[in-house]
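The values are calculated or read from the model by the stated rules, or taken from the named source; none is laboratory data. Everything numeric here is computed off the predicted structure, so don't read it as measured data. Neighbour counts run over all protein chains shown; Cβ positions are idealised from the backbone, glycine included. Just so you know, the surface numbers come from the protein's heavy atoms only, side chains and all, with ligands and any DNA or RNA stripped out. Shrake-Rupley method; radii C 1.70, N 1.55, O 1.52, S 1.80 Å.
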Amino acid sequence: MEARHATAHANRTRAMTRPGAVLGRLAGKVTGRVVESVEPDVILSHVDVDALLDRVDLDRLIARVDLEGVLDRIDVQRLLDRIDVQRLLERVDVQRLVERVDLNRVAASLDVELLVRRSGLADVVVESQTRLAGSLVDLVRRQLAGLDTVLDLVVVRLLRRDPRALPTAPPLLDVPEQAWTDA
């Protein structure tokens, strides 16, 4: 047993006599007091932050972050209030955005009948057709009235009547000019 004690004592003595061992024990005792007495800004001013960041494993650091917790803490409304929408829209390439839209898929999802009903297009078509039919009837009437006048003149000539002797209007419609001005 004494031999074991002697060997352990010899090992400790050798460890103490090594210059690194003594210095290590001294640094261990002093480090806590030095850290407490020195301002962190003084220490950080001597640290090369870029070199320190080069040594950081970002993947390992990100793996330790609870992203769900971080996202839960974000006030989305406040974040949206800080966004300059006009500036954001100025950065959007509308042409490129439109090129990415699948118009066939959009068209397939549209309810065309509902869109036509809501737009009032059917009413516009009916109104247009009514106006067109009315215009066509007016055109036919004018053409028939012109044809009637021409045929009337032809008949008057064939019958050799004086066109100036003919009445200007039917008897019930022939009102003297003075009746119009007296009213």
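Numbers below:
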item	result
Filtered residues of region 30-50 (kept if polar (S, T, N, Q) and within 55 Å of the chain's Cα centre (by Cα))	Ser45
Every residue from region 104-130 that is small (Gly, Ala, Ser) and assigned to a helix (DSSP H, G or I)	Ala107, Ala108, Ser119, Ala122, Ser128
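Listed here are the residues, each with its yes/no results for (1) modelled with pLDDT of 90 or more; (2) open to solvent by less than 80 Å² (accessible area, probe 1.4 Å); (3) farther than 30 Å from Ala169 by Cβ.
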| site | (1), (2), (3) |
| --- | --- |
| Asp59 | no, no, yes |
| Arg64 | no, no, yes |
| Leu71 | no, no, yes |
| Leu79 | no, no, yes |
| Val106 | no, yes, yes |
| Leu114 | no, yes, yes |
| Arg117 | no, no, yes |
| Leu136 | yes, no, no |
| Arg142 | yes, no, no |
